[in-house]
Structure formats: structure tokens, C-alpha cells
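The values are calculated or read from the model by the stated rules, or taken from the named source; none is laboratory data. The shown structure was predicted, so the numbers you read here are calculated from the model rather than taken from an experiment. Reconstructed Cβ throughout: ideal geometry from the backbone, glycine too, with neighbour counts over all protein chains shown. Ligands, DNA and RNA are stripped out before the accessible areas are found, and what is left, the full protein with its side chains, is counted by its heavy atoms. Shrake-Rupley method; radii C 1.70, N 1.55, O 1.52, S 1.80 Å.
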Amino acid sequence: MSDNRTFDSPGPDAIYRAALESGTFQIQQCGSCGAHIFYPRAICPACGSTDLGWVTASGKGTVYSTTVVRQKPERGGDYNICLVDLEEGPRLISRVVDTPPDEVRIGQPVEAFIGELDEEKVVLFRLAEAG
Amino acid sequence: MAHMLRGATAIVGLGLTEFGTLPERSHLEVMAEAAHGALSDAGLTVKDVDGLFVSNFASPFLALQTAEYLGIDPTVLDSTNIGGSTFVSHVQAAAMALATGLCNVALIAYGSTSRSGGRAGQTRGPLGRVPYEDVYGPRNPIGSYAMAAARHMHEFGTTREQLASVATSARAWAAKNRRAEMREPMTVDDVANARMICDPFTVLDCCLVSDGGAAVVMVRSERAGDFPKPPVHLLGIGVGVTHDQIAQMPDLTVTAVAKGAPRAFEMAEISRDDIDVMEFYDAFTINTILFLEDLGFCAKGEGGALVESGAIAPGGHLPVNTNGGGLSCVHPGMYGLFTVAEAVEQLRGEAEGRQIDGAEIALCNGNGGKLSSQVTAIFGTGATV
């Protein structure tokens, strides 16, 4: 990862989105301090290095907080919004789907998948399979 | 050695518009009314102003627009936007500009028609798309603050009723303020049973959406005695920032008040016990609980119980948001300057039926973004300098 040039084209944001389009959820890891980073950066926010490489995220995470955005059924109905701590460390905002939105709980294990919102590929989560 | 900004500047003019619905008026007209009020209060006109501090969500060139509109010829101008705390940070910027002689009369002004203005030319303009966040539809800012409340409840057992008691305390203060929009009695059950917006917040956990404006005039303290009203001196100020997007906030139960407030207290050379009255940016009920904890008025996690005890309500030992706050007095998109306005009225002894007897020192806490930026300012009467 030491030859990664975060100031070249395409930049980290474009690389992340291209990977997501092709079905892979990648996060960055700093070659200098080892920190995992999300969202994509040009400079490591933990140590200032530009030696940033890509790793495929495990997709495993834990719900850090959660809310239900209440909305009339005719406007699409209620949906979940949550913060997920990935097992690699970074936290991201997302939705837990395929579960009633008010049954999502802080501390629940979740698994990422790539879905779509507003015709944009995004990382979403489902509750992890028990056991 | 005392900090060079301690007591170096003072607010000598305050202007407020009516609050609520101001139909068929532009945000500049509302701002101009507040600015004119503040300058008249100080015996000045726009022609005396050479430092201009403004901001809103809609206008990237607001400082130029405002200077032109008011006929001000500024040597210093600043329209930085760090969210609703901006106007408290403007107090810091104005103090620096005044103390260094870059300007002599600083005007900090805000006006908005958030309620009645629709989308045109007011503060509910585009916030800019935040990558990695907006696509999920978090209904910002409400969703972000709701997740902070949910986390606080999870970690510390903070209850639905404790959140509601923040809103009922603010309402009890608002009942004493003839300017406040919402003065009808309100109970904890009213708050808890209102329409759910983003769990755990009902609509009554959320601030108002108002039309309104405020403005203050600041000068160096050496000439602060030359104006009609008693000066309100800036004793200390501290800025703290943790994040922009809520997913980047390190701990949703600890705000940047924990970073900025100690700097403000150090500059002011006072302790918590010296504070007579506090004005917080209570965009949502969880704010007040977080700020009480992060200022050290109770241990982390005990803010809910502190509020539920009645401490911040009329008659309590820690009066907070004596005007009724953003929850019950006024909230025109960005509330920061209204915390300063209420501190000025309290320290001048002009707060009528809500006056804290003998108030000498007031603390303001501006909040911005999604709990992102926090600015703590400490003001005092002439006796405290």
C-alpha cells in the first residue's frame, strides 16, 4: 500500500465509489499508523500520513446508535437510521433493513451488504445471523 | 497574567425583533430591524460600524450583501458558518478585531424568516449535500441528535420523562417572557405523547421554527462607559469542535463543550460556582442535558436526573434558558445570537418577570451543526472585570 498516491487521479472518493459499483465495500488502512479509515480520505485523520491503502471491509459491525425516521405511509413510511461500528474500527451512518425499524437495538451485531438508495449504490446492513 | 481578551470588550447595544411570524418581509429586512435596534440602543448608527459579523445558511456572500444593504463601510467582515453557534464564535472574532484595533464598532446581526419565508432568500437554503450521510435520509439535524439521545439513554438510563423535563423547564421560563412564542402550560406527558418525529424525539423535543432577528454591538471596554446602557463585558470564550458528520463524532454522549468551556473558564478566571444564569442552544432536549454534564454541573450520565429535579426551571439553583430557549421562545433557523441576547438582558437587569436577582455573570453556549461545534462565552457586569 506504500505506492498509493492519494493526490492522483482517480482520488480516494472515486476509487471507493467505483469499487462499490462493482460490488465491493472497501475501506482504507493507513500504512503508517495502521488505522482503518472511513469515509475515504486523502490524508490519514489519525496521523497525517498519505500512505493510505485499500482493504475489503469485513462487513461485520455493531449498532452504536439507532433512530426511526417517522414518515407517513404515503411518503414511504418509517425507516431506520443507525450508526454502525465496523469491527475494523470506523463508524458509519447507514440503515438496518429487513427488520422493523423500531426493533433495531443498540449493541446488535449487523452485517453489511451493498444495496441502492435513490439509484445510488450504498452500504446497508441487516441483523447478523444468530450464532 | 490575565488573558488579553479578558474584559477587553463589551456589548453596549442589543436589538431584537418580534418573534414568531413576520409575513412578507425578507431576511435582510428582519436583520436590519435588529441591527437598527442594537445601534439605536447604543446611540449609534450604521455609519459608526466598521466591523461586520453575519451568517446564514442560504447566502455565501452574506457579509457583502449585508454591508451593501446597511450601508456599512467595513474594515473587518466575517461570514464564517459553523452552524448555529456561529454568532457566539463571532463574539470571539469581534473581540479579537476590536482588541487589536482592526475595528472600533463591531455589529453582529442575524435575521431570518424561516417560518414564513418559504425557500426564497432565507435561512432554510440548501445545506449542501454531505457525502456518505445524506443519501441515507437521516432527516438532519433531527436524526443525528435523536441518535445522541438514544445513546445517552442506553448508556446512562436517561429516561423519556427526563428529556421531557428539559422542554417543560424551558416552557415554564417562556411563560414569564412576553416575547416568547410558546407560553401555554405544558406537562411531561404532553411532550412524551406528542407526535413522534425521530425516536425518541417527539415534535415537542424539537426547537421551534420561527421568524426573528437579533443583533449586538461590541466595542473596546475602555470606551464602554460612554454608551447609554450598562456594558456587558466579555470575560472568556472558548471554541470546541468534534466533527461535521454525526458518524465522525467520537462519543455521542460527550460534546465539544468539554474542550471549549475549560478555555472559556480559564480566560474568564472564574469557576462554575460563579455563574448566575446560563443560556444554551437547546435545539433538542438532549442538548441541555449534555451541556450541563460537559460543563461539569453534574457527572456524565446524571444530567437527566439534574434536570428532572427542577434545577434549571424557575426557582431552581441553576437557571437555564430564562427566555424559554429555542424550544419555547424563538428559533429562526440559527439560535446562537439569542443566547447572547438573553445574557445581555439578564446582566443589564432588563429581564422583567424572568430576571435572576443580582445576576453578575452569565454563560452562553452556542451549538452548531449536529452537535458539531460548541462555543462557550462568559459575560459579566462592570463589577466583574
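Some points to look at:
- Size descriptor, Kirkwood hydrodynamic radius, that averages inverse alpha-carbon separations across the protein assembly as shown, Å: 23.8
- From its DSSP helices (H runs of at least four residues, each -39,500 (n - 2.57)), chain A gives a residue-normalised ellipticity at 222 nm of -2000 deg cm²/dmol.
- For the protein assembly as shown, the residue among A:LEU86, B:THR255, B:CYS103 whose Cα projects farthest onto the positive side of the dipole built from Cβ charges is B:CYS103.
- Placing unit charges on each Cβ (+1 for Lys and Arg, -1 for Asp and Glu) gives chain B a dipole about its Cα centre, and among B:VAL307, B:ILE11, B:ILE286 the Cα reaching farthest toward its positive end belongs to B:ILE286.
- Above-threshold pairs, the threshold being 29 Å between Cα atoms, out of A:LYS121/B:LYS259; A:LYS72/B:LYS300; A:LYS60/B:LYS370; B:LYS176/B:LYS229: A:LYS121/B:LYS259; A:LYS72/B:LYS300
- Over segment A:12-56 - Rg/Rh using Cα atoms and the Kirkwood inverse-distance radius: 0.97
- Protection proxy ranking of B:66-79, B:155-168 - average other beta-carbon atoms within 10 Å, highest first: B:155-168, B:66-79
- Unpaired by the 4.7 Å Cβ criterion, cysteines found in the protein assembly as shown: A:CYS82, B:CYS103, B:CYS198, B:CYS206, B:CYS207, B:CYS298, B:CYS329, B:CYS364
- Residues in segment B:235-252 occluded by at least 50 Å² - accessible area, probe radius 1.4 Å, against chain by itself: B:ALA247, B:GLN248
- Rounded accessible area per residue of chain B, 1.4 Å, Å²: 34
- Note on A:THR50 and B:GLU222: their simple-model spin labels are 4.7 nm apart, each label 7 Å out from Cα toward Cβ.
- Residues B:LEU64 and B:MET4, FRET efficiency given R0 of 25 Å [Cβ-Cβ distance, rounded to 0.05]: 0.25
- When you count the other C-beta atoms within 10 angstrom of each residue and take the mean per peptide, B:250-257, B:206-213, B:28-35 line up highest first as B:206-213, B:28-35, B:250-257.
- Net +/- balance of residues flanking B:LEU98 in space, Cβ distance below 15 Å, scoring K and R +1, D and E -1: -2
- Basic side chains Lys and Arg get +1 at the Cβ, acidic Asp and Glu get -1 at the Cβ, and with that the dipole of chain B about its Cα centre reaches some 480 debye.
- Listed residue (A:LEU20, B:PHE265, B:ALA58) projecting farthest to the positive dipole end of the protein assembly as shown, Cβ model: B:ALA58
- Cβ neighbours within 10 Å from other chains - mean over A:105-112: 1
- Contact surface B-A: accessible area buried, both sides summed, square angstrom, 1.4 angstrom probe: 2400
- Sequence-distant contacts, meaning Cα pairs under 8 Å at least 6 residues apart, place the relative contact order of chain B at 26 percent.
- A crude spin-label estimate for the pair A:ARG5 and A:THR24, with each label 7 Å from Cα along the Cβ direction, gives 2.1 nm.
- Taking every C-alpha pair closer than 8 Å and separated by at least 6 residues, the mean separation divided by the residue count of chain A gives a relative contact order of 20 percent.
- Mean per-residue shielding of peptide A:65-78 is 5, counting Cβ atoms of other chains within 10 Å of each Cβ.
- When +1 charges are put on Lys and Arg Cβ atoms and -1 charges on Asp and Glu Cβ atoms, the dipole computed for the protein assembly as shown relative to its Cα centre reaches about 280 debye.
- In this structure the amide hydrogen of B:ASN56, modeled in the peptide plane, comes within under 5 Å of no amide hydrogen from residues 5 or more places off or on another chain.
- Computed from Cα positions, the angle between helix B:142-156 and the longest principal axis of chain B comes to roughly 60 degrees.
- Between A:GLU74 and A:LEU117, residue separation times 0.36 nm minus the direct Cα-Cα distance comes to 13.7 nm.
- Sequence-distant contacts, meaning Cα pairs under 8 Å at least 6 residues apart, place the relative contact order of segment A:60-127 at 32 percent.
- Angle in degrees between helix B:336-348 and the longest Cα principal axis of chain B, rounded to the nearest 10: 70
- Protection proxy ranking of A:29-38, B:80-89 - average other beta-carbon atoms within 10 Å, highest first: B:80-89, A:29-38
- When the solvent-accessible area of segment A:12-56 is split by element, carbon and sulfur atoms take up 49 percent of it, the probe being 1.4 Å.
- Cα-centred dipole magnitude for chain A, charges only on beta-carbon of K, R (+1) and D, E (-1), debye, nearest 20: 280
- Relative to the dominant Cα principal axis of chain B, helix B:27-41 is inclined by about 60°.
- Scanning chain A for trypsin sites (Lys or Arg not before Pro) in DSSP loops with at most 15 neighbouring Cβ atoms within 10 Å leaves A:6-104 as the longest stretch between them.
- Taking every residue in B:141-153 and counting other chain Cβ atoms within 10 Å of its Cβ, the average works out to 4.
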